[in-house]
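Every read-out reported here was derived from the displayed coordinates using simple, explicitly stated rules and does not represent laboratory data. Here the structure is a predicted model, which is why all the values come from computation and not from measurement. Neighbour counts run over all protein chains shown; Cβ positions are idealised from the backbone, glycine included.
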C-alpha cells in the first residue's frame, strides 16, 4: 500500500466479502467476475491502445488527422469501439491537461485503470486552479508562453492528450515509439522522452 | 463523550501533555493555568451574564434600549467589560440566528463556552443556507411570515440574540426570569419558554 | 450538491503523491469492488449518475480520507440497500460472519446452487447519447454565462464554474441529463457543450497566466452571455 | 484559502446532533488545550488571525473529523513549531515520554525550577479596533458587491459570499485586517462593515423564503454596487 492509502478501514475486506457473498447468492455477481476483472486489467499487459494510436499518429499524418477529427473511427483500427473519446493535441503553443474535479472520470478503454494520484483530492483540486505550479512540482515545466488548457471531464466525454513527438526519435518506427508513450504523457502530466542512448 | 466525539485520536492526550510539559518548562504556561481554566468555566456555575442582561431588558425598557444601542455600557452593569458584542432583537416580524461559518466564533464572555454542536460542520454549513429547515429540525418552527436574519460572525464582532419574552411571565421579576433564559435562546436556536406550572 | 467531492480549486490538499510502481490493484478486494459495481450497473440496479451521487452522499470526512475503492464500496452498498437489492439485516449478518472468519472466501456461506443470472448490459455506463433531434440553443463561439445555482442534489456544474462567463467551444450532441437521471426523474436529454473559460474569470487575480479550462456542461446550466 | 473550514452552505453534513447534558469539558485535556492556546496568544507567540489560519492549514480530512479542541491542539502545535517556541525534536521526545507513561502528569519530566514567566496580555484576541481616523468609503444603505477572489491565504470573506450584491447595514469602526495580520504583513487596519445579503442572492433558487444573512466584511473585500 502506498502513501495514498494511509487509512484503509480494517473492516473493509469483511465488508467487501459480505456484499460479494450476497450478490453471488442472489445471482447478481457471476462466480468468475472478480477473476475476470483482475485478468482484464492485471494480466493484459500489452501496450495501451492510447499509446498505439499516438505512435501511429506520429508516423502517419492521415491517421493523426483521423484521430483528432473522428477518434471513434481511428480507435476502431485497434479493435476498440469507444464513442466517447476526444483527443487534444499538444503543440509548441499549447499544453493540454486532463482531470475530473467532481469524481475521477478517466478514459479506461484507452489508458487502463487510473493511477491513484489522479483520483486523490490534491490532483483534482489543483489541476484546474494552478496547473502550472502543479505540473512544475510533478517535474514538467511548461514555458510561460505556452497556453495550458485543462479539460475537466464533467460529463461522459473522455479526454486523451496527443503529446508532441520528442526530438531524437526521427529514425524510429511506430512499434519502437509505442513503449516511449507513457500513461502520464497521455494525461498531460509528462512529456514523452526520447529513448536513453544504448549503453555501448 | 457524546456522538459529536466519535474519532478522538488515542494519542491526543499524550500530545497535549507533551506540549503542556514543554510550555511549563519554558515558563510560558503558568503552573495553575489549566486549573484556572477549569475553575473559570466549570466551577463558575452562576447564570450567564447574557441571561441576566436579557432579564433586565425585559423588565426595564430603558435598560433594553441601552443593551441594544450601547451593549458595552449595558454589560458594564454586570461588571463585564466587553467591547465587541452586538445584541439583536427578536420581534413578531423577525427571528435572529447566530453562527460562525469559518471557524466557531462565539460570545464567550456573555454565554460561556460554546456547545459542541455550534462548532461542528452540520450547524456551521446549514445555518446560513437553510436556517428554517435547520431550526425546524432543532424543534423551533418559525412562522413563514417572520424574516430569519442570520448573523455570520466573520470578524471580531460577536452577536447575542435578545429573545422575545414569553407569554405567561407577566408576573415574574428579573430574578425569576433569569433561569428561563437558556443559552440556546441567546444563540437563536430556541425560544424562551414560560415556567412549567408548579406541581400542586 | 455543494459537497466535499466538488474539489476543483479547493486548497490545502498538499502535493500530489505518486506511488512508485503502483500495482493495478493493491489487494484483491479492490478488484472485487470493481466487479460488484459493474455487475450492479450492468443488471440495471443503478445508473451511472445514481452511482456517482451514491458516492457524493458519503460522510464528508470519510470521503476525504477514503481510498478510491472504499468510496465505491460505500456508494454501491448504499445504493443496493436503498434499492432493496440487499437487505440491511442480511448484510449485517454476512458481515458478522466474515469478521469472525477473516480468511473465509466469499463463497463459504453459500449452500444452495447459484441461481441463473439475468441478462446484463456491459455498456450501461456509456449509453448516454440520445438522438432526439433537439436543436442546440447555442452555436460554437457563442458567449454564455453559467447559472449561479446551489442544487441540493446531483449536478455536474462544478461550484468553481457557477455564475461565470465562457464561450461555447463545441456541442457534443444530446446527452442524458445527470441532474434528473440520478434522482429517478428520467433522462431529460439535452445538448451538451464543451465550454471554454479563461482562468481569470474562474480564479480572479489568483489565476495563473495563459490558462483556460474546458468544462462539459448541459444546456440548462447555461444562459446567453454578452 | 478555499479550504474545507469554509463551511457556509456546504451540504452533506447531516443533522445537528446535540449532546444531552454536555459537560463544560469532556476531559481535562480539553481544558489544557484551552489554557495552552491562551498562554501562547497572551505571550505574543501568535495573534488571533495566525491562530485561525493555523487551524485552517490542518489536513482537510482531519479537520472534518477532529473535535474542536483537537483542531486547536493541531493549530497551536503547528504555530509553536513554526515560531520556534518549541522544537520538533524536543516535542517528539516528550511525546514518546508520555506515550510510555500514560498516567504521568505533565510536570513529571520537569527537573529544574520553573523560570519566571514573561508578562502576558489577556486581551490579546479582542484588541482589534484601531482609531486611525480613516473615513469609511461606504455609508449605511450603500449597495456593494463583494470581490470574486480566491486568495491562497487567510481570509474572512466566505466563499459563499463572493461576487455577491449586498447593502451596507452599518460600519463597526476600523479593525485590524486578518488577511495581512495572519501572514506577518502587519495590521493594515480598515473599516469593517456589517453587510446584509438577501438569501436569494446567495443561494439562488434554492434559497428559503424571507431570509437575509449579515456578514462582517472589511472594506477591501467590497466594491461599489449598483
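The figures follow:
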quantity: Partner chain coverage, peptide C:193-203 - average Cβ within 10 angstrom; calculated: 3
quantity: Estimated FRET transfer efficiency (residue C:200, residue D:131; beta-carbon r; R0 35 Å; 0.05); calculated: 0.40
quantity: DSSP-defined antiparallel bridges as percent of all bridges, chain A, nearest 5; calculated: 10
quantity: Peptide D:21-30 - average C-beta neighbours from other chains (10 Å radius); calculated: 6
quantity: Using alpha-carbon coordinates, inclination of helix C:88-100 to the longest axis of chain C, degrees; calculated: 60
quantity: Cα-Cα P(r), the protein assembly as shown, percent of pairs per 20 Å interval; calculated: 13, 42, 34, 10, 1, 0
quantity: Part-to-part distance (alpha-carbon centres) for the stretch C:151-226 and the stretch B:141-184, which is given in Å; calculated: 43
quantity: Binned Cα-Cα distance frequencies in the stretch C:143-224 - 5 Å width, integer %; calculated: 3, 15, 25, 24, 18, 9, 4, 2, 0
quantity: Label-point separation in nm, residue C:145 to residue A:65, each point 7 Å along Cα→Cβ; calculated: 4.2
quantity: Least to most buried among B:101, B:91, B:182 (fewest other Cβ within 10 Å first); calculated: B:91, B:182, B:101
quantity: For the stretch A:58-200: rounded, prolate or oblate by the Cα gyration tensor [a/c cutoff 1.5]; calculated: oblate
quantity: Between 0 and 90°, nearest 10: helix A:49-59 axis offset from chain A longest Cα axis; calculated: 10
quantity: Inter-chain shielding of B:34-40 (mean C-beta neighbours from other protein chains, 10 Å cut-off); calculated: 6
quantity: Sequence-separation-based contact order of chain D, relative, with Cα cut under 8 Å and 6+ spacing, percent; calculated: 20
quantity: Ranked D:215, C:129, criterion: other C-beta atoms within 10 Å, fewest first; calculated: C:129, D:215
quantity: Rounded, prolate or oblate (a/c below 1.5 giving rounded, otherwise prolate when a/b exceeds b/c) for the stretch B:36-140 by Cα gyration tensor; calculated: oblate
quantity: Cα gyration tensor shape for the stretch D:1-118, rounded if a/c is under 1.5, else prolate or oblate; calculated: prolate
quantity: For chain D: span of alpha carbons on each principal axis (Å, largest first); calculated: 67, 45, 32
quantity: Residue order, fewest to most beta carbons within 10 Å, for A:187, D:48; calculated: D:48, A:187
quantity: On Cα atoms only, tilt of C:28-42 relative to the major axis of chain C in degrees; calculated: 70
